[in-house]
């Protein structure tokens, strides 16, 4: 007798067979007596196919028309899934972004949600219908179609769950939940029953791509109970909430991010303002900088190194070269054979020695640490990409055993 | 400096190359200083593909969800065409049915237009933008998506032209205009410069599938000037209007309809109410009956024969057999190797002898006439399908010469 929001991604609705499987999950939830709202993404490769079609006609179409085009993908998904539920005799109605009053700002292709109307959804729930909502899309104040950008359907689901005070927001994916480490890399990794929003945020930003940060942040802000679970296996997933039962271990998971590069500036003048100039230029170029290390160099110079996403390396290098005179470095180097390994855990803050345990595991495994960064619930180290698998297993073994 | 509505069908926007050609026509119209509204259908086979996808999931989906699904096709077309115009530096905006306030009744899959809002379209025209409108679709009073059924995009174009008092509504097709007969069947057929709404209506219903009756009826009611022309060849088409310049000949065209069948009921009682019972049953089964012939049979019985579309034959035969006792016929037969040949002309009404000319031509060509039906601007005869090509050429020769 709960109000449940379920979200299924593009791979979960890629073809007729998969849509029927999703419809089966929805039917079971409905038959158990729940009110059910379902948010769907576009089928499998639909969005990519539409982008290809667009680029064949115009390599640089306006974002407004691109959103008009792409929003059809989710509309197709909800109509097809509604038909599958109709065949199972489940009362159902599909609704687009504009039909549920999903209002956004006008940043086409990466719009932010401003408000969600509830009248239509509530009226349909009162009529005992399953409500299928097109994810990823909304309308701005001009009634023009907008899309929410990456992870948009997750955000749609959480926004609706928040607005309607849903008891639970289930995000169905192709994994059964959140693991202590990537099971493909660490065979002994196990699934977590619960995890806090903060831990989930750190894990997501560290490369454990289960949930998008934007939706987790929104869930935390509005206290939406999330559950990450599989659309293929019918078993409990991982709950994401404010406070979780303390587990024996103090950390929740280990994440690896190989999509980074380290940039080093050698021979900078040891005077105030040097770091400011570098990172002001990076910010201007909209480049996110992650770990920063400053060290003393030779002959009263200093060195600064930092990491950026690999996709930002070219822009970062160009920005630095363009501003070489203002910054004043002797040497610039880049290394993209590095990898960031992180442990995350809300319990860490009250448990001294967690970082030391990680360093010990890496030392025992003969892995060299090149940079270190810590936050209240996270410890990250930069290591050579070649060491990453050994390092991950060693750290997992240290904290979780076999 | 006119307001022009242009409509392009699905084959005209089937791929990137064709969309660019259509965009070229639109650009030329805009560059000539006109305000331009363009109505587009779904690309080529898009609608059929979507129907296949639906039927794979549910052989009998609700019409509401089918409309939700199919309306995406036109949305894709307008977005892609907008991108083509953007590339040509033509200011443009695409709008869906709900965005232009295209209000319909709730007959999903065959909705009737109730009203068209003009604010958004006018505002965009005032900003000197080409307005691309998704044809075939609207929304009902619940804000649910509806589609207009066959010929829906033509109807969208005419409705907008009527509401905005457009100077001209151009319907682009794959033929250059309306011909005196099908040029594939009658090589000497020639294109008409002008034709009246009534003639167009008769020709369309007789199988000359250029414009849909529904849009022509609406155009006549609101006095919308139509032009039928080709999206492949840049030359004047055929104008459809209330009064046309009298041409030397009294008829406008000859049409053939092979998609019919003749049903004959033999040995009916010669008493009142027999015909009533038959055609009441047909009406109940939603079967359109065309030509009806009643003749005296043997032994104080009578025979009734009539024509229906071939797609309705099975339903008609079943209805008659189900009601055999109430109707009381001795014998029932069906013949689908027949064909209806018709001449149409608004001038006919004031010109006696037109029908006789047609019969003479058929007699000279040794074509046997099996049934005859006439209206104020039309004469139709039922003949054997095998005679249809000879008959068509003979009648064309009689009225239009070589």
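The values are calculated or read from the model by the stated rules, or taken from the named source; none is laboratory data. If you're wondering where the values come from, they're calculated on a predicted model, not measured in any experiment. A quick note on method: Cβ atoms are made from the backbone with ideal geometry, for glycine too, and the neighbour counts reach across all protein chains shown.
Please enumerate the residues belonging to segment A:46-74 that are free of Cβ contacts under 8 Å to residues at least 60 places away in the same chain and in contact with a strand residue (DSSP E or B) (Cβ under 7 Å, 6 or more places away or on another chain).
A:65 - this is the single residue of segment A:46-74 that is free of Cβ contacts under 8 Å to residues at least 60 places away in the same chain and in contact with a strand residue (DSSP E or B) (Cβ under 7 Å, 6 or more places away or on another chain).
Would a scan of segment B:322-345 turn up a residue that is farther than 29 Å from residue B:241 by Cβ, part of a helix (DSSP H, G or I) and under 26 Å from the mean Cα position of the chain (by Cα)?
There is no residue in segment B:322-345 that is farther than 29 Å from residue B:241 by Cβ, part of a helix (DSSP H, G or I) and under 26 Å from the mean Cα position of the chain (by Cα).
Got at least one residue in segment A:161-182 being surrounded by 23 or more Cβ atoms within 10 Å (Cβ to Cβ), within 14 Å of chain B (Cβ to nearest Cβ) and either within 20 Å of residue A:75 (Cβ to Cβ) or modelled with pLDDT of 95 or more (or both)?
no
I'd like the residue in segment B:351-388 that is in a helix (DSSP H, G or I) and in contact (Cβ under 8 Å) with a residue 60 or more places away in the chain and, out of all such residues, is surrounded by the fewest Cβ atoms within 10 Å (Cβ to Cβ).
Restricting to residues being in a helix (DSSP H, G or I) and in contact (Cβ under 8 Å) with a residue 60 or more places away in the chain, the top hit is B:385.
Restricting to segment B:270-286, name every residue that is in a loop (DSSP other than H, G, I, E, B) and either in contact (Cβ under 8 Å) with a residue 40 or more places away in the chain or farther than 15 Å from residue B:323 by Cα (or both).
Hits for segment B:270-286 are B:270, B:271, B:272, B:286.
Residues checked against (1) assigned to a helix (DSSP H, G or I); (2) on the phi < 0 side of the Ramachandran plot; (3) within 21 Å of the chain's Cα centre (by Cα); (4) more than 8 Å from chain A (Cβ to nearest Cβ):
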residue	(1), (2), (3), (4)
B:43	no, yes, yes, yes
B:71	yes, yes, yes, no
B:82	yes, yes, no, no
B:90	no, yes, no, yes
B:98	no, yes, no, no
B:121	yes, yes, no, yes
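Across segment A:287-321, which residue is farthest from residue A:261 (Cα to Cα) among those that are assigned to a strand (DSSP E or B) and in contact with a helix residue (DSSP H, G or I) (Cβ under 7 Å, 6 or more places away or on another chain)?
A:294
Go through (1) away from chain B (no Cβ under 14 Å); (2) out of contact with any strand residue (DSSP E or B) (no Cβ under 9 Å at 6 or more places or on another chain) one by one and return the number of the condition residue A:9 breaks.
(2) is the only condition that residue A:9 fails.
Only one of these conditions is not met by residue A:29: (1) closer than 24 Å to residue B:19 by Cα; (2) touching a strand residue (DSSP E or B) at 6+ places or on another chain (Cβ under 7 Å); (3) surrounded by fewer than 22 Cβ atoms within 10 Å (Cβ to Cβ). Which number is it?
Failing condition for residue A:29: (1).
State yes or no: is residue B:77 away from chain A (no Cβ under 12 Å) and either within 23 Å of the chain's Cα centre (by Cα) or free of Cβ contacts under 8 Å to residues at least 24 places away in the same chain (or both)?
So residue B:77 does not fit the description; no.
Do you know which residues across segment B:265-284 are surrounded by 14 or more Cβ atoms within 10 Å (Cβ to Cβ) and at positive phi?
Once the filter is applied, which keeps residues that are surrounded by 14 or more Cβ atoms within 10 Å (Cβ to Cβ) and at positive phi, segment B:265-284 yields only B:267.
Please find, among A:114, A:141, the residue that is in a strand (DSSP E or B), more than 11 Å from chain B (Cβ to nearest Cβ) and either over 18 Å from residue A:29 (Cβ atoms) or in contact with a strand residue (DSSP E or B) (Cβ under 7 Å, 6 or more places away or on another chain) (or both).
The unique qualifying residue is A:114.
Given the conditions (1) more than 8 Å from every other protein chain (Cβ to nearest Cβ); (2) closer than 25 Å to residue A:13 by Cα, report the number of the one that residue A:63 does not fulfil.
(2)
Given (1) assigned to a helix (DSSP H, G or I); (2) in contact (Cβ under 8 Å) with a residue 60 or more places away in the chain, where does residue A:265 come up short, assuming only one miss?
All conditions are met except number (1).
Can you pull out the helices (runs of 4 or more DSSP H) entirely within segment A:146-247 that have at least 3 residues that are under 27 Å from residue A:291 (Cα atoms)? Quick ask: steps written out before the conclusion?
Details: elements: A:152-163, A:197-205, A:213-222.
Answer list for segment A:146-247: A:197-205, A:213-222.
Going residue by residue through segment A:144-158, is there one that turns out to be facing chain B (nearest Cβ under 10 Å) and either crowded, with 24+ Cβ neighbours inside 10 Å or in contact with a helix residue (DSSP H, G or I) (Cβ under 8 Å, 6 or more places away or on another chain) (or both)? Please lay out each step first, then the result.
Our first condition is that a residue be facing chain B (nearest Cβ under 10 Å); within segment A:144-158, this holds for A:144-145.
Filter once more, keeping what is either crowded, with 24+ Cβ neighbours inside 10 Å or in contact with a helix residue (DSSP H, G or I) (Cβ under 8 Å, 6 or more places away or on another chain) (or both): A:144-145.
Among the residues of segment A:144-158, at least one is facing chain B (nearest Cβ under 10 Å) and either crowded, with 24+ Cβ neighbours inside 10 Å or in contact with a helix residue (DSSP H, G or I) (Cβ under 8 Å, 6 or more places away or on another chain) (or both), which makes the answer yes.
With the structure loaded, tell me whether residue A:25 is in contact (Cβ under 8 Å) with a residue 24 or more places away in the chain, within 27 Å of the chain's Cα centre (by Cα), at the interface with chain B (Cβ under 8 Å from one of its Cβ atoms) and closer than 16 Å to residue A:232 by Cα or whether it fails that test. Walk me through it before giving the result.
Working: in contact (Cβ under 8 Å) with a residue 24 or more places away in the chain: yes; within 27 Å of the chain's Cα centre (by Cα): yes; at the interface with chain B (Cβ under 8 Å from one of its Cβ atoms): no; closer than 16 Å to residue A:232 by Cα: yes.
Considered against the rule, which asks whether it is in contact (Cβ under 8 Å) with a residue 24 or more places away in the chain, within 27 Å of the chain's Cα centre (by Cα), at the interface with chain B (Cβ under 8 Å from one of its Cβ atoms) and closer than 16 Å to residue A:232 by Cα, residue A:25 comes out as no.
What is the one condition in (1) away from chain A (no Cβ under 14 Å); (2) closer than 27 Å to residue B:91 by Cα; (3) touching a residue at least 40 places away in the same chain (Cβ under 8 Å) that residue B:126 does not satisfy?
Checking residue B:126 against (1) away from chain A (no Cβ under 14 Å); (2) closer than 27 Å to residue B:91 by Cα; (3) touching a residue at least 40 places away in the same chain (Cβ under 8 Å), the one that fails is (3).
Being more than 14 Å from every other protein chain (Cβ to nearest Cβ), surrounded by fewer than 24 Cβ atoms within 10 Å (Cβ to Cβ) and in a helix (DSSP H, G or I) narrows it down to one residue among B:48, B:52; which is it? Walk me through how you get there before you give the answer.
Details: B:52 fails: more than 14 Å from every other protein chain (Cβ to nearest Cβ).
Of the residues listed, the single one that is more than 14 Å from every other protein chain (Cβ to nearest Cβ), surrounded by fewer than 24 Cβ atoms within 10 Å (Cβ to Cβ) and in a helix (DSSP H, G or I) is B:48.
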